[in-house]
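Single-structure report; data block below.
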Amino acid sequence: MRPETPSKINRRQALAGATLTFGALWGSLSAPGAAAAQGVLAWTPKALTSDQARVLDVVAELIVPATDTPGAREAGVPAFVDRAIATFCAPADAGALKAGLSRIDADARAAHGAGFTTLTTARQMALLAVYEAETRAPSAPAAVGRGDTETGLSNRTAAAPKGPPFFALLKELVTVGYFTSQLGATRAVRYDPVPGDYRGCVPLKQIGRAWAT
Amino acid sequence: MANLNTRARQENTYEAIVVGSGISGGWAAKELTEKGLKTLVLERGPMVRHITDYPTAAAAPWETKYPRGKLPDATMKAHYPVQVRTGYALTEYTQHFFVKDDEHPYTEEKRFDWIRGYHVGGRSLLWARQTYRHSDLDFEANAREGIGVDWPIRYADIAPWYDYVERFIGVSGQKEGLPHLPDGVFQPPMEMNCVEKDLKARSEARFPDRRITIGRAAHLTAPTEEQMALGRGKCQHRNLCSRGCPFGAYFSSNSATLVAAERTGNLKIRTGSIVTSVIFNEKTNKADGVRVLDEATGKEIEFYADVIFLNASALNSAWIMMNSVSKRFPNGFGNDSDQLGRNIMDHHLGVGAAAEAPGYEEMYYSGRRPNGIYIPRFRNLGDAASKRSDYVRGFGYQGGAGRPNWDRPEPGFGADRKAALSQPGPWLVRLGGFGEILPYADNRVTLNHKVKDAHGLPTLTFNVSIRDNENAMRRDMKSAAAEMLEASGFRNVRELDGDYGPGLGIHEMGTARMGRDPKTSVLGAFNQVHACTNVYVTDGAAMTSSSCVNPSLTYMALTARAVDHAVSARKRGEL
């Protein structure tokens, strides 16, 4: 079971009632606002050092920021990623993720003379853009969505290629962690545990968002 | 002492014994108990009670131990190197319904994907629930083509039993009036989505012989009073079936047949009971009962009955028979024909085609349909137009259309990406073939006395492969699927050529085939062992050919029919 997200209260207090929208994020690029580090981590890392955890706390929120729906931090994603590194990831992936988080901080210090978490959002985003570029290898897996049945071929496709760059791994974990969190699944997308009926042709407008599951 | 032995023997004596509690064993238990026989069901694994033993059935996505509920690679490698080959079925949510391969070894002279669940209910908890009838195109095929041996039955023999089984289990589906895919007793069909409906309209306009219908699936869409009285309800379209259904909406032994059997008061289920052999009586030429290795104590126990049903799955029923050596049967119980363990079949799959379907961005669906579309066989139907020169028999397609949710590649990071992933992705369409495999005598398992399992029992060695006929069919399965998607105007049509190892269809069949002649088959027309008529084998072992349709319905119908025969024969004093 994923632990309850203790950052929820802190996060709300930090926002101090401000409604952080899509536009607000972009308006805040010049200040350490949206994704800025909390003074104290609201979760205790199991796999990461406290420095790596602090970087993760900010990077996760930059990957899935609070908009009109909660962001990664409020949804407890940093702790989810840390736990995945501790209990789920293959050793090579866990090593790549830890090294990647350390590298982000080292790159920030080399480029700006300050730790990543203290940079402006614009500088943070610029650094992440570098790592994002590293993930754009021509051999990226083709878009193969999940089948919506348990039968047949759709779920029997081959695995993704091995050894993607750390930022691809990190984005993957943050994304999974976010959209399978209670806040992400119920607010950013639509979660319906017991749909009852199946209706095959429904205007998307009536549903509004993608289904969580 | 003699009294004690007599008493022990009485205590261990039933009127009928059923070995295995999966999809066919559950049916044997239901029919035998409802016809009044005191019945012992022997199950090698632990109890799984309907609903209470489905621990993950209601788990929300956030109530997970691992990302997406996937198990760590190290766990997979250590315990599930074979089970993982399905690529999708084994997860944190279903782990307790799969065997650990390290505890249940076997030897692969050639790759064989043996996907198993050892517990009450067996794979009836995990099956894909697709439910189709064989037709005379299937039952006559071997005789017509001189392949293997002739089925000893025809469609007319089994048709009333298909009716009987479908009425009880509940099958949602659409009548199509096709002679080679007979209609059944159906509850209302599930709906196709927009893209599937257009695929049907456009592809059928171009290829009228390739009917597209909604999958026939063992889900209740309009439960009968009989089904509701068992505690079963309507499908809620959660598509979490393999965790066990708390609504009892799909058919399993646990939700239906064992519940019905239990209500008769004639049922006793004994778990942790590994049946190791059939006890053959040389004097009576009948089986007295079975030997059980009690998993908890490691002791051997004998159980006795007038009638014995083997429903341990095609491979394990064959294993029990091969391991039952007597003076009369030095090569395995009932194996005068030397066909025991041979003619292993499955359905080969993994090839087909996929495409994108632009133009439907404004449309979506609600609910998670645990079912897809089905395209019945359209090759080699007996007419000139459908005749193939490069292979015999045929295949059907299962597939469907849908929109991926957030779990799809999306470049970038930040608010734009989050917004994109909060909307459904592009419509994708897939068709995947399920092809018939011919019975080859040298596709076989043998008993391996060198490799022992954890209980010191011999194991199986597999030597099974697909051949030229199947490989030629696979090429057609790809191109025919692609041309249907092209004809429907979809984009980026690509052929899929997935991995397949025998067994991956999880439809093992043929190890003790039915036939007309005891010299060339193990079982007769009512699934009795030719040479020992109070033993019936009614799981996949009995299959004489494989058809291309999912086989569980046929196992269930054969079982109900065989029990009817057994109970009548017993009344007449023939068993």
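No value in this document is a laboratory result; all are computed from the given coordinates. What you are looking at is a predicted structure, and each value in this text was computed from that prediction instead of being measured. Cβ sites come from the backbone with ideal geometry, for glycine too, and all protein chains shown count toward neighbours.
So here's what we get for this one:
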read-out	value
Distant-in-sequence amide H partners of residue B:171 (H built 1.01 Å from N, under 5 Å)	B:187
Flagged links, alpha-carbon separation over 19 Å, of A:98/A:171; B:197/B:387; A:46/A:98	B:197/B:387
The protein assembly as shown, helix-only ellipticity at 222 nm - DSSP H runs n ≥ 4, -39,500 (n - 2.57), divided by all residues, nearest 500	-8500 deg cm²/dmol
Computed label-point distance, nm, for sites residue A:114 and residue B:5 using a 7 Å Cα→Cβ extension	9.3
Semi-axis lengths, Å, the range B:467-575, gyration tensor of Cα atoms, sqrt of 5 times eigenvalues	41, 15, 10
For the range B:37-54, Karplus couplings with θ = phi - 60° (6.51, -1.76, 1.60), whole Hz, Gly/Pro x	8, 5, 10, 9, 9, 9, 10, 6, x, x, 5, 10, 7, 3, 6, 5, 9, 10
Student exercise, chain B dipole from Lys, Arg, Asp, Glu Cβ charges, in Debye to nearest 20	500
Centre separation in Å (Cα based) which lies between the range B:24-79 and the range B:137-175	29
Difference of contour (0.36 nm per residue) and Cα-Cα distance, residue B:176 to residue B:302	40.4 nm
Kyte-Doolittle mean at least -0.5 and Cα axial length at least 27 Å: DSSP H helices in chain B	B:552-571
Label-to-label distance, nm, for residues given as residue B:571 and residue B:157 (7 Å Cα→Cβ offset)	2.1
FRET efficiency for residue A:136 and residue B:390, using Cβ-Cβ distance with R0 set to 41 Å, rounded to 0.05	0.45
Cα centroid separation - the range B:456-489 against the range B:376-416, whole Å	13
Efficiency of FRET from Cβ geometry, residue B:147 and residue B:12, R₀ 51 Å, rounded to 0.05	0.70
Set B:35/B:286; B:65/B:299; B:35/B:234; B:38/B:110; B:65/B:478; B:327/B:571 screened for pairs whose C-alpha atoms are more than 32 Å apart	B:65/B:299; B:38/B:110; B:65/B:478
Cysteines having no other Cys beta carbon under 4.7 Å from their own, within the protein assembly as shown	A:89, B:235, B:241, B:245, B:532, B:548
Cα centroid separation, the range B:530-575 to the range A:173-208 (Å)	46
Percent of alpha-carbon pairs separated by more than 41 Å within the protein assembly as shown	37
Rg to Rh quotient for the range B:208-307, alpha carbon positions, Kirkwood Rh	1.17
Within 10 Å of each Cβ in B:490-497, the average number of Cβ atoms from other chains	1
Zero-based 20 Å bins, Cα pair distances in chain B, whole percents	21, 56, 21, 2, 0
